[in-house]
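Okay, structure first, notes after.
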Amino acid sequence: IILMLLYGAYSLWDTCQINRRAFISGELMKYKPAGKTDESPSLQELQKINPDVIGWIRLNDTNINYPLVQTDNDDTYMNTDAEGNYSLSGAIFLHCANKPDFSDFDNIIYGHHMEKHMMFGDIGEFTKEQYFNEHPYGNLFFDGKDHGIEFYALMQVDAYNETIFNVCLDTPEAKQEYLQEILDNALYKRNLNVTEEDHLVLLITCTSEMTNGRNILVGRLTDQVYPEKEKAKNLGTGIDQL
């Protein structure tokens with residue numbers, strides 16, 4: 001019984017440490033690019049700390065608002081944060097085979113699914129149809145410029161789906177097959193005219209709803225930037241105005 005209690009206490013402590021590291025990641029917000037075409041010295045400061053930082057990703061009106069990193073493998077940032085420190089919450093990272101300028105047809109971004117809306121935890125919210133409908137846009141900052149993301153599909157696939165996890169597709173036929181695979185696995189979708197000329201962004205995280213399952217939010221890059229909704233100010237009771 002004592003051993004079980006000690007193990008339970010350790011598990012709680014370990015969970016708190018993971019959440020704490022993810023919470024500390026919120027301090028990275030000071031590096032967030034501020035302007036539409038700003039060179040963002042603050043982000044450059046983060047890049048001096050960790051040269052693997054290539055940009056910043058935000059999903060409008062969600063808690064997904066993080067630096068984006070990339071290195072030569074897809075294991076490092078499973079347990080390393082954007083400043084290069086050990087962290088079980090990891091970082092948001094671009095697939096090692098993708099080009100950092102997002103010129104590939106399919107650009108795959110990974111993040112842990114965590115509780116309390118941390119990291120890619122909010123991707124799970126998109127499995128609710130109303131949430132999916134109410135959150136169509138995001139923002140991706142790279143190469144010193146903001147870009148918009150139009151999200152058009154939410155799908156659940158097996159982690160061993162060879163079509164979806166195949167990056168750097170070259171032929172029009174392979175790209176068409178890829179687009180069809182997205183539609184075939186979509187829980188929800190919007191009627192956007194997505195073609196093989198577009199550049200896709202896939203945000204991938206785990207799900208417990210299926211064995212080896214992945215929730216994947218799919219969007220396309222645009223030159224149009226979509227600002228977040230302005231939050232309503234708390235005006236209190238209105239007695240002052242009366």
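How many residues does the stretch 110-153 hold that are among the aliphatic types (A, V, I, L, M) and either over 15 Å from residue 205 (Cβ atoms) or part of a strand (DSSP E or B) (or both)?
Selection size over the stretch 110-153: 4.
What tally of residues in the stretch 163-180 results from selecting those that are under 21 Å from the mean Cα position of the chain (by Cα) and either open to solvent by 50 Å² or more (accessible area, probe 1.4 Å) or of a type in the set (Asp, Glu) (or both)?
1
Quickly run through the stretch 69-95 and pick out the residues that are surrounded by fewer than 18 Cβ atoms within 10 Å (Cβ to Cβ) and acidic (Asp, Glu).
Within the stretch 69-95, 72, 74, 75 qualify.
Condition check: of a type in the set (A, V, I, L, M) and free of Cβ contacts under 8 Å to residues at least 12 places away in the same chain. Does residue 174 satisfy that?
yes
What are the residues in the stretch 44-64 that are open to solvent by 10 Å² or more (accessible area, probe 1.4 Å) and within 14 Å of residue 142 (Cα to Cα), if any?
44, 47, 51, 52, 54, 58
Looking only at residues that are within 15 Å of residue 74 (Cβ to Cβ) and of a type in the set (Phe, Trp, Tyr) in the stretch 96-124, which one is least open to solvent (accessible area, probe 1.4 Å)?
Selected residue: 120.
Restricting to the stretch 125-145, what's the tally of residues that are open to solvent by less than 50 Å² (accessible area, probe 1.4 Å) and either in contact with a Phe, Trp or Tyr (Cβ under 8 Å, 6 or more places away or on another chain) or at pLDDT 95 or above (or both)?
12
The values are calculated or read from the model by the stated rules, or taken from the named source; none is laboratory data. Given the structure is predicted, the values throughout are model-derived calculations rather than measurements. Note that we place each Cβ from the backbone using ideal geometry, even for glycine, and neighbour counts take in every protein chain shown. When the accessible area is computed, the model is the full protein with side chains, heavy atoms only, and any ligands, DNA or RNA have been set aside. Shrake-Rupley method; radii C 1.70, N 1.55, O 1.52, S 1.80 Å.
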